[in-house]
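The values are calculated or read from the model by the stated rules, or taken from the named source; none is laboratory data. Note that this is a predicted model, so its numbers are computed, not measured. Here the Cβ positions follow ideal geometry from the backbone for every residue, glycine too, while neighbour counts run over all protein chains shown. Side chains included, ligands, DNA and RNA excluded: accessible areas come from the protein's heavy atoms. Shrake-Rupley method; radii C 1.70, N 1.55, O 1.52, S 1.80 Å.
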Amino acid sequence: MRKVWVAGGVAVALGLSFVMLLVVGVYIVAGNLVNGVGKGSVGLAKGSVPGAYKTLVQKWGNLCPAINPALLAAQLYQESGWDPDVVSHADARGIAQFIPSTWATHGVDGDGDGDRDIWDPNDAIPSAASYDCELAKYVKDVPGDTTNNMLAAYNAGAYRVIKAGGVPAITETQNYVTRIRSLEKSFAAPVSRVDPSKQAAGAIYYAQKKLGTPYLWGGEGTAADGGRFDCSGLTQAAYDSVGISLPRVANDQYNAGPHPARDELLPGDLVFFSDDLTNSRAIRHVGIYVGGGYMIDAPRTGAVIRFDPIDTPDYFGATRVTEDGAKALPTAV
């Protein structure tokens with residue numbers, strides 16, 4: 001629930017005029033920005049890794065040249081969604097989703113307490129990094145990008161990568177490599193300005209047509225919902241209107257692309273709010289930035305879709321949605 005708001009009628013009257021200018025401005029700004037996420041970054045984006053695991057990921061993500069903290073974070077998010085207690089249908093266990101037989105040979109005592117506990121992130125996260133680095137050694141002489149080959153070995157086995165002379169022609173494996181490398185950009189702290197979204201203007205156009213629509217918890221704008229939305233339902237529908245499929249909930253939408261700083265925001269960026277500014281999994285609200293310090297959002301029960309300021313104490317950060325970033329997100333975390 002948002003506590004800070006601008007009266008709907010006044011905001012709509014003031015906002016409609018500048019939104020149209022901002023929508024056009026998306027493409028003017030786009031022509032001036034050419035750089036994406038910097039290569040070689042090992043910094044983690046603000047709050048992208050839960051605070052309880054950030055130090056572990058930052059430390060062990062630098063274990064060998066084939067990995068970095070953002071890549072390790074992407075793998076852990078893909079595998080478990082940061083849930084240390086999850087068990088898959090294949091009996092993969094814990095935050096790093098090790099199968100017991102693999103753990104028996106590759107699990108390490110990361111915290112030095114004398115045991116190797118598959119359920120303990122203090123052991124499992126170091127073990128994931130260690131296993132990645134072992135695989136990288138196995139495929140170090142294979143042509144192509146070592147990190148891509150390492151990820152392919154993680155998915156399909158080192159023998160297949162060596163035999164294929166690179167990422168094998170296995171759809172599941174190729175998709176796994178693509179997903180992790182795309183997700184890596186979401187977990188990395190950008191070292192330069194990130195490219196504007198080509199679909200941003202269309203997403204804003206969709207959202208502004210919904211101004212004044214009553215909020216509905218769980219609403220996705222369907223006929224059954226009476227065309228009403230909640231916050232993440234609105235952002236999901238806005239980007240769906242331009243061909244980008246986002247997850248349903250706000251804390252997963254945060255991982256749909258890189259994260260511009262507050263002074264780098266562009267219209268169309270998703271902006272997020274949380275009571276815990278160290279953990280993206282705690283995000284509870286999202287809106288679509290329109291410029292001038294304002295967003296379009298569906299704030300709470302009893303309110304309508306409207307313009308609200310973003311500069312509040314619970315402002316968490318932003319995501320510049322990309323098609324590849326959205327496609328990389330796991331269907332369930």
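Just the number, please: carbon plus sulfur as a percent of the accessible area of segment 259-333, 1.4 Å probe, no ligands or DNA/RNA counted. Whole-percent figure for carbon plus sulfur exposure: 49.
Taking all protein chains into account, the per residue accessible area for the chain stands at 43 Å² (1.4 Å probe). Measuring nothing but protein heavy atoms, the accessible surface of segment 53-187 at 1.4 Å probe radius is 49 percent carbon and sulfur.
The modelled label-to-label distance between H106 and Y159, using points 7 Å beyond Cα along the C-beta direction, is 1.5 nm.
The C-alpha radius of gyration of segment 111-204, expressed as a fraction of 2.2 N^0.38 Å, stands at 1.40. Each label point was placed 7 Å from the Cα along the Cα-to-Cβ direction; for T171 and C133 their separation is 3.7 nm.
Rounded, prolate or oblate for segment 198-328? Axes are the square roots of the Cα gyration tensor eigenvalues, ordered a ≥ b ≥ c, and the cut-off for rounded is a/c under 1.5. Could you put the intermediate results ahead of the total?
Values: a/c = 1.37, a/b = 1.19, b/c = 1.15.
Rounded shape, in that the Cα axes give a/c under 1.5.
What the Cβ-Cβ distance of S88 and D240 gives, at R0 = 25 Å and to the nearest 0.05, is a FRET efficiency of 0.30. Of the cross-linked pairs K59/K198; K209/K327; K54/K185, those separated by over 24 Å at the C-alpha level are K59/K198; K209/K327.
Taking every full run of DSSP H in the chain, the ones that stretch at least 18 Å from end to end by Cα along their long axis and average 0.5 or higher on the Kyte-Doolittle scale are 8-30.
Put simply, the amide H of G317, placed in the peptide plane, has neighbours under 5 Å in F272, leaving out anything fewer than 5 places away on its chain. Here r is the Cβ-Cβ distance between T178 and T331 and R0 is 22 Å; the resulting FRET efficiency, rounded to 0.05, is 0.90.
Note on segment 53-187: dipole from Cβ charges, positive end direction compared against Y138, G112, T55; the farthest Cα belongs to Y138.
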